[in-house]
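The values are calculated or read from the model by the stated rules, or taken from the named source; none is laboratory data. This is a predicted model, so every value here is computed, not measured. As a convention, Cβ positions derive from the backbone with ideal geometry for all residues, glycine included, and neighbour counts pool all protein chains shown.
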Amino acid sequence: MAVCLPDTQDDAPNIPIKLTRVGVTGVKKLLQLERTNKRPIILLPTFDAFVDLPSNQKGVHMSRNPEAISEVLEDVAKDSTVDVESLCAKIVEKMMIKHEYAKRVEISMTTDFMFMKESPVTKNKTQEMAQLKAKAVGYRDENDNIEIRKSVGAELIGMTVCPCAQESVKESDKNKLLEFLDEETTQKVLDTVTFASHNQRGIGTLLIEVPEDKKVKAEDLIEIIESSMSSPVCELLKRPDENATVMNAHQKPVFVEDCVRNMMEKIVNKYADFPDDTLITARQENQESIHRHNAFAEKVTTLGELKEELNI
């Protein structure tokens, strides 16, 4: 005979305060996504899953969150059409059923994502790694209607060169050149050579909401992030590749603020047909080489607001 155990989560709390997010973090799963006429994609994602908690309930039924994740992963294992943001949306749907008291449910996923690229000069093929991100948030209204908004994004490392330090070096070298060259020759030298500056390892992040009838490729987001910095970086670089990477980066110096603005301009051009209420987040953190601190910039906006700012 089964023993009926008490369900203390449904008790009234000592302090009747509503909580915004309660759940689990760091749920790791093995995920294989089938692809038609292509090799399957193998991922090792980490999930965070949350629900809101009403003021009259002591706790959430915590085990239902990883349970929902496991059930959905089994369901989509052989689905060749599912993408990671839709996967998150399906988990939200399942959690809404399991947590009937929840008005808001949130699931986020992060996983390593391998993509191929070529080194700039020798064209050696190399495996590169980015972070693939997905998120879905579900809302339940008073009539029990549910709206789910899903997002996909990427985060990866690139290289940035400081414009301020480069201008200082250029001005200093100009004054030295003028000691033994005339103005015209000095200017020709300045226009020809590439000037030194300090570098940063840049970490760019881009997230965009995906409407039901639209698709966003992770590779496209990666290209936008990389091209918004001074230069991409590459795991395998021979001497000619190293030279090209450094030279190209110093010919395109950018501040941390420039990286975010570049991402925003590129994404509004790429996804101009998305609805105006599409939420976009662009974030850049540059790990400084001559300071102990890092530099950070971020913009969170909608596509419509961005178009207004850019007069599109």
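Things to note:
- Top-ranked residue of region 227-272 - restricted to ones that are within 24 Å of Ser119 (Cβ to Cβ) and of a type in the set (D, E, K, R), ranked as farthest from the chain's Cα centre (by Cα): Arg239
- For Val121, the conditions (1) under 24 Å from the mean Cα position of the chain (by Cα); (2) in a loop (DSSP other than H, G, I, E, B); (3) at pLDDT 90 or above; (4) of a type outside the set (Phe, Trp, Tyr) all hold with the exception of (1).
- Listed by position, the helices (runs of 4 or more DSSP H) inside region 177-282 whose residues that are among the hydrophobic types (A, V, I, L, M, F, W, C) and within 24 Å of His293 (Cβ to Cβ) number at least 1 are 218-227, 239-250, 256-270.
- Test: Glu226 is in contact (Cβ under 8 Å) with a residue 24 or more places away in the chain and within 23 Å of Thr110 (Cβ to Cβ): yes
- Hey, Thr36 of a type in the set (Ser, Thr, Tyr), modelled with pLDDT under 90 and surrounded by fewer than 16 Cβ atoms within 10 Å (Cβ to Cβ) or not: yes
- Consider region 277-298 and keep the residues that are in contact with a Lys or Arg (Cβ under 9 Å, 6 or more places away or on another chain) and of a type in the set (Gly, Ala, Ser). The one that is modelled with the lowest pLDDT is Ser289.
- Every residue from region 170-197 that is surrounded by 15 or more Cβ atoms within 10 Å (Cβ to Cβ) and either of a type in the set (S, T, N, Q) or in contact with a strand residue (DSSP E or B) (Cβ under 8 Å, 6 or more places away or on another chain) (or both): Thr186, Ser197
- Among residues of region 278-312, those that are loosely packed, with under 14 Cβ neighbours inside 10 Å, in contact (Cβ under 8 Å) with a residue 60 or more places away in the chain and either small (Gly, Ala, Ser) or in contact with a helix residue (DSSP H, G or I) (Cβ under 7 Å, 6 or more places away or on another chain) (or both), counted: 1
- For region 94-117, a residue qualifies if it is within 30 Å of Leu236 (Cα to Cα) and free of Cβ contacts under 8 Å to residues at least 24 places away in the same chain, and the qualifying residues are Met114, Met116.
- Only listed residue being over 13 Å from Gly138 (Cβ atoms) and touching a strand residue (DSSP E or B) at 6+ places or on another chain (Cβ under 6 Å), chosen from Lys103, Lys58, Lys18, Lys28: Lys28
- So Ser86, is it small (Gly, Ala, Ser), surrounded by 15 or more Cβ atoms within 10 Å (Cβ to Cβ), assigned to a strand (DSSP E or B) and in contact (Cβ under 8 Å) with a residue 12 or more places away in the chain: no
- Test: Thr110 is modelled with pLDDT of 95 or more, within 30 Å of Ile203 (Cβ to Cβ) and not acidic (Asp, Glu): yes
- Odd one out for Phe47, checked against (1) within 19 Å of the chain's Cα centre (by Cα); (2) over 30 Å from Pro13 (Cα atoms): (2)
- Scope region 283-312; condition in a loop (DSSP other than H, G, I, E, B) and among the basic types (Lys, Arg); matching residues: Arg292
- Where a residue in region 131-150 is farther than 22 Å from Val216 by Cβ and its partner, wherever it lies, is in a strand (DSSP E or B) and aliphatic (A, V, I, L, M), with Cβ under 6 Å and at least six apart: Arg140/Ile146
- Of the residues making up region 102-130, those that are among the charged types (D, E, K, R), farther than 15 Å from Glu223 by Cβ and touching an Asp or Glu at 6+ places or on another chain (Cβ under 7 Å) are Lys103, Arg104, Lys125.
- Leu31 vs. criteria over 20 Å from Lys103 (Cα atoms), at pLDDT below 90 and surrounded by 14 or more Cβ atoms within 10 Å (Cβ to Cβ): yes
- Taken together, Lys217, Lys238, Lys270 contain a single residue that is touching an Asp or Glu at 6+ places or on another chain (Cβ under 7 Å) and basic (Lys, Arg), which is Lys270.
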